[in-house]
Amino acid sequence: MCVTDALEEISDFHPTALDGIIVGVEDVPHFSTDWSGGHVPMSAALEPTRGRRAQIVVYERPLEHRAGTRQQLRDLVHRTIVEQLSMVTGIAVEQLTDRDLDDD
């Protein structure tokens, strides 16, 4: 529901921002190679290639783990999608939301 709400809010603010973008949700990231790092990623984005649309995947469990409340989860999901969308589209974050993401 948080993802759906975030996508609707982004679409209302910038109606074409999600054109050609696939957004999905997975429980946790799956790595095909050994991975080590300071934290588990909350999302991933793949830029479009010939024959494949851009993709954004949000990872449910890492997001839930970092959020203390339901509202914090909603804000974190929104922020995460906006940042990934900005990366794959080149649209500035400020053009994708009217929220101050520094306060989320």
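The values are calculated or read from the model by the stated rules, or taken from the named source; none is laboratory data. Just so you know, these numbers come straight off a predicted model, no measurement behind them. Reconstructed Cβ throughout: ideal geometry from the backbone, glycine too, with neighbour counts over all protein chains shown.
So which residues in region 66-102 are within 13 Å of residue 14 (Cα to Cα), of a type in the set (Val, Ile, Thr) and surrounded by fewer than 17 Cβ atoms within 10 Å (Cβ to Cβ), if there are any at all? Correct list: 91, 93. When residue 30 is tested against (1) more than 16 Å from residue 99 (Cβ to Cβ); (2) in a helix (DSSP H, G or I); (3) not hydrophobic (A, V, I, L, M, F, W, C), just one condition goes unmet, and that condition is (2).
Would you be able to say whether some residue in region 1-17 is surrounded by fewer than 18 Cβ atoms within 10 Å (Cβ to Cβ), part of a loop (DSSP other than H, G, I, E, B) and modelled with pLDDT under 95? Yes; the residues of region 1-17 include at least one that is surrounded by fewer than 18 Cβ atoms within 10 Å (Cβ to Cβ), part of a loop (DSSP other than H, G, I, E, B) and modelled with pLDDT under 95.
All but one of (1) in contact (Cβ under 8 Å) with a residue 40 or more places away in the chain; (2) over 11 Å from the mean Cα position of the chain (by Cα) hold for residue 15; which doesn't? With (1) in contact (Cβ under 8 Å) with a residue 40 or more places away in the chain; (2) over 11 Å from the mean Cα position of the chain (by Cα) applied to residue 15, the lone miss is (1).
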